[in-house]
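A quick write-up on the structure given underneath.
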Amino acid sequence: MSAVEPEKDVLHVVGGRPLNGTIKVRGAKNLVSKAMVAALLAPGRSVLKNVPEIRDVQVVSDLLRLHGVSVDVNGDTGEVAIDAHHVEMPAVSDVETLSGASRIPILFSGPLLHRLGEAFIPSLGGCRIGDRPIDFHLETLRKLGADVDKEHEDGIHITAPHGLQGAKIHLPYPSVGATEQTILAAVLAEGKTELSGAAVEPEIMDLIAILQKMGAVISVDVDRTIRIEGVRELKGYTHTALTDRIEVASWASAALATRGDVFVKGATQPEMMTFLNIYRKVGGEFDVTDEGIHFWHPGGDLHAVALETDVHPGFMTDWQQPLVVALTQAKGLSIVHETVYENRFGFTKPLVDMGATIQLYKECLGSLPCRFKQHNFEHSAVIFGPTPLAGQDIDVPDLRGGFSHLIAALAAQGESSVHGISLIDRGYADFRGKLAALGAGID
Ligand code: EPZ
């Protein structure tokens, strides 16, 4: 996607209208991009269904194509066909053009080492919600036998002169990306890999399901240990991606904040359970059907809650931002302790400018073990409500924070101009069309 001119990268919102209607949510951004990388592992053809039209899919497609892989994206049907019979090393200067576009390229490491013996990974992008280091990823690759050369200015060169070998790996924190890195690198490694302290998010389980279809042997224990028995070769897959539970929660929060009524087609219950529990405690109503989940504000007051973000099966960090907007409309003091990212409350400043009462704290306002204890990060928030919100000029800071600002603008009285709106295209397919379908006042 080409850069959008700043003056066109604005959404004007007339707030104060409830969102009412039906929208459809497709597959999870945080599975689809990794499933596309997995296709690289097999000298064959893979088909991924239920793929949303988002920028991350374009970035991964571009990087695959640079490696000689054929990628056919059908936005209408949501099908992506990937043919990885042929894989080649691109010119470093071509790969560098994708520097800063996404965090997914680091996951190309294992598959490229297996197919080509080397990989050049461009500098990573992604949301600025903390330091977001990749030390676990690189340590994992080294343990499996890779040589990592970080000297390059615009990327990392990785080689595996003797192939990859299974290893015992422990993650100091259950990182989603480092778990996926280990799995994608270990499936074709020689011997067994034991990964303890792994993340077990539903998107990781769906990735494992894809790899099993491809021929991999992977087991997951309840104590967060994932065992991978290396196999010699994998074949292409056909798979329907699980629904984007972050997008579902975002629309559910928008329904609550605007006192609306939204049916989210495609939403499924099992991976939403923790969110649904909190939604109910806040006072939101929902009804689970075979086609999706219906979310609505029942009228009257919403209730304040205390919650802590955590790795799965805890309350997702990506659910936190949209829900905080709804909590500005709940009666009493809500407390949110963010334990996954050290810097994920920056988005609250514009909410305060719009009239919300939110106080940030460096202390842990909760009981979960937290890596940010006694550090200087404002990672707890107290939200006092309900407070009316007033329309404002807002700059989108990151993907989830940006969507949350959009929700605030929809809930606010008066007009808002939301600048940098194209950032939201990274993770919310056709959000302008969906907002229009829900009766939002946008242009
Ligand atoms: C994934 O990011 C998601 N991104 C994030 O969604 C999501 O918030 C996050 O998982 C947690 O669920 C994608 O899947 C593309 P992590 P990831 O490694 O894998 C620290 C969105 O908006 N860490 O689980 O990058 C890290 O700093 C995005 O869709 C290290 O210290 O997250 C963080 O504090 C935002 N060293 C924690 O672990 C490492 O090498 C969790 O990060 C790796 C991570």
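The values are calculated or read from the model by the stated rules, or taken from the named source; none is laboratory data. Predicted, not measured: the structure shown is a model, and the values here were computed from it. Glycine also receives a Cβ, built like all others from the backbone with ideal geometry; neighbour counts cover every protein chain displayed. Accessible surface areas use protein heavy atoms only, side chains included; no ligands, DNA or RNA. Shrake-Rupley method; radii C 1.70, N 1.55, O 1.52, S 1.80 Å.
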Highest-fluctuation residue, 353, 56, 76 considered, GNM on the chain with Cα pairs under 10 Å: 76
Amide proton proximity set for residue 393, modelled H, under 5 Å, gap of 5+: 417
Table column - 3J(HN,Hα) (Hz), region 381-396, Karplus curve with 6.51, -1.76, 1.60, x for Gly and Pro: 9, 10, 10, 10, x, x, 10, x, 9, 10, x, 8, 7, 10, 9, 5
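By its C-alpha gyration tensor, with a ≥ b ≥ c as the square roots of the eigenvalues, how is region 1-79 shaped: rounded for a/c under 1.5, else prolate for a/b larger than b/c, else oblate? Please list the in-between numbers first.
Numbers: a/c = 3.32, a/b = 1.74, b/c = 1.91.
Oblate is the answer for region 1-79, as a/c is 1.5 or above yet b/c matches or exceeds a/b.
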Over 12 Å [Cα-Cα, region 160-210], rounded percent: 63 percent
Per residue accessible area in Å² of the chain, where ligands, DNA and RNA are left out and the probe is 1.4 Å: 40 Å²
Stretchable slack from residue 217 to residue 22, in nm (0.36 nm times residue separation minus alpha-carbon distance): 66.2 nm
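Please work out how much length the chain gains when fully extended from residue 72 to residue 5, using 0.36 nm per residue of separation minus the C-alpha to C-alpha distance, in nm with one decimal. Provide the component values of the computation, followed by the final result.
Values: separation 67, 0.36 × 67 = 24.12 nm, distance 2.77 nm.
Length gained between residue 72 and residue 5: 21.3 nm.
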Positive-end residue of 293, 110, 320, charge dipole of the chain with Cβ unit charges: 293
Simple spin-label estimate for residue 118 and residue 148 in nanometres, 7 Å along Cα-Cβ: 1.9 nm
Solvent-accessible surface (1.4 angstrom probe) belonging to residue 238, in square angstrom, nearest 10: 80 Å²
Cut-off under 5 Å, modelled amide H: who pairs with residue 332 long-range: 385
Sum of side-chain charges, residue 287 neighbourhood, beta-carbon under 12 Å (Lys, Arg +1; Asp, Glu -1): -3
Mean-position separation - Cα centroids, region 1-77 and region 284-328, in angstrom: 25 Å
Choice from 376, 50, 30 showing the highest fluctuation, given a GNM over the chain with Cα pairs closer than 10 Å: 376
Per-residue SASA entry for residue 296, accessible area with 1.4 Å probe, Å² rounded to 10: 70 Å²
Cα Rg, Dmax (largest Cα-Cα span) when computed across region 207-254, Å: 15.2, 48
Projected label distance in nm at residue 79 and residue 443, using a 7 Å step from Cα toward the beta-carbon: 4.0 nm
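Mind ranking 337, 12 by accessible surface for me, highest first, 1.4 Å probe? Can you show the working numbers first?
Numbers: 337 0, 12 80 Å².
Highest to lowest solvent-accessible surface, that is 12, 337.
Rounded to two decimals, what is Rg over Rh for region 29-240 when you use alpha-carbon atoms and the Kirkwood radius?
Values: Rg = 15.6 Å, Rh = 16.9 Å.
Reported Rg/Rh, Kirkwood definition of Rh: 0.93.
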Within the accessible area of the chain (1.4 Å probe), percent carbon and sulfur: 48 percent
Residue among 255, 160, 185 with the largest mean-square fluctuation in a Gaussian network model of the chain, springs linking Cα atoms under 10 Å: 160
Contour excess over end-to-end distance, with Cα ends at residue 306 and residue 94 and 0.36 nm allotted per residue: 71.5 nm
Overall dimensions of the chain as given by Cα atoms, namely Rg and Dmax in Å: 21.7, 66
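Highest mean first, what order results for 433-441, 148-156, 85-93 on Cβ atoms within 10 Å? Mind showing how you got there, number by number?
Numbers: 433-441: 18.1, 148-156: 13.8, 85-93: 12.2.
Highest mean packing first, the order is 433-441, 148-156, 85-93.
With all pairs of different alpha carbon atoms counted, what Kirkwood hydrodynamic radius in Å does region 94-184 show? Could the numbers behind the result be given before it?
On the way: mean 1/r = 0.0748 Å⁻¹.
Taking every pair of different Cα atoms in region 94-184, averaging 1/r and inverting gives 13.4 Å.
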Probe 1.4 Å, all protein chains present, accessible-area order of 341, 237, largest first: 341, 237
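What is the mean projected area of the alpha carbon convex hull for region 319-429, to one decimal in square nanometres? Before the final figure, lay out each step's value.
Details: hull surface 27.4 nm².
Its average projected convex-hull area is 6.8 nm².
Beta carbons within 10 angstrom, averaged per residue: use that to sort the peptides 268-279, 322-333, highest first.
Values: 268-279: 16.7, 322-333: 24.0.
Ranking, from highest mean packing down: 322-333, 268-279.
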